[in-house]
Amino acid sequence: MRTKFFILLFTAFFSNFGYSQNKLVSQKTDINGVWEDINSGVQNAVAIISEQNGKVIFSHYLEWKGQKFVESGIGTRKGNTITYKVDVTLPIEGWATAGTHTLILSEDGNKLEGTFVDNKKRSGPIAFKRIR
């Protein structure tokens, strides 16, 4: 009888432990999708973000005063902080050709806001809003 009690206790403990671990994982907000670039002065500006197992792939297209700009990069996610390095594949004259973005996901999961630092030693705010 005592053995059955310990087996039941053991099973109940580890069943709940497994449940809570899965619950934590499932509560992580999905960032995969299309995001609108909400920085001032840009048009037709979107980012596509793909995340798998903590690896983040970022692609970004925008137009500024009729000029096209494309950059992409790879980085990581730790909690709600996303950091990635970008390389510009279609530059705008005078703009940087590489940089690092650090973004924080909002509590509701619909905004990414943070900073960029580029290879010209400039930095500033950068923000995106989820659209899909």
Karplus ³J(HN,Hα) for segment 74-86 (6.51 cos²θ - 1.76 cosθ + 1.60, θ = phi - 60°; Hz, whole; x = Gly/Pro) runs 10, x, 9, 10, 10, x, 9, 9, 10, 10, 8, 9, 10
Descending accessible area (1.4 Å probe), largest on the left, turns E93, E71 into E93, E71
Set of segment 103-122 residues, backbone N closer than 15 Å to the point 7 Å along the Cα-Cβ line of N39
103-104, 112-122
Report the local net charge at D87: Lys and Arg +1, Asp and Glu -1, summed over other residues whose C-beta lies under 12 Å from its C-beta.
-1
Whole-Hz ³J(HN,Hα) from phi, Karplus 6.51 cos²θ - 1.76 cosθ + 1.60, for segment 39-50, glycine and proline x
7, 5, x, 9, 10, 6, 9, 9, 10, 10, 10, 10
Got a number for the accessible area of I48? Probe 1.4 Å, square angstrom, nearest 10.
100 Å²
Using a 1.4 Å probe on heavy atoms of the protein chains only, the accessible area for V86 in Å², nearest 10, reads 0 Å²
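Please compare each pair in K65/K120; K28/K85; K28/K121; K28/K68 to a cut-off of 30 Å on the Cα-Cα distance and tell me which ones are over it. List each step's numbers first, then the result.
Working: K65/K120 21 Å; K28/K85 23 Å; K28/K121 33 Å; K28/K68 34 Å.
Pairs exceeding 30 Å: K28/K121; K28/K68.
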Please work out how much accessible surface V117 shows to a 1.4 Å probe, ignoring ligands, DNA and RNA, in Å² rounded to 10.
80 Å²
Near D30, within a Cβ-to-Cβ distance under 15 Å, what is the net charge of the other residues, with Lys and Arg +1 and Asp and Glu -1?
+3
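The values are calculated or read from the model by the stated rules, or taken from the named source; none is laboratory data. Since the model is a prediction, treat every value here as computed from it, not as a measurement. Methodologically, a virtual Cβ is constructed for each residue, glycine included, from the backbone with ideal geometry; neighbour enumeration extends over all protein chains shown. Heavy atoms of the whole protein, side chains included, go into the accessibility calculation; ligands, DNA and RNA do not. Shrake-Rupley method; radii C 1.70, N 1.55, O 1.52, S 1.80 Å.
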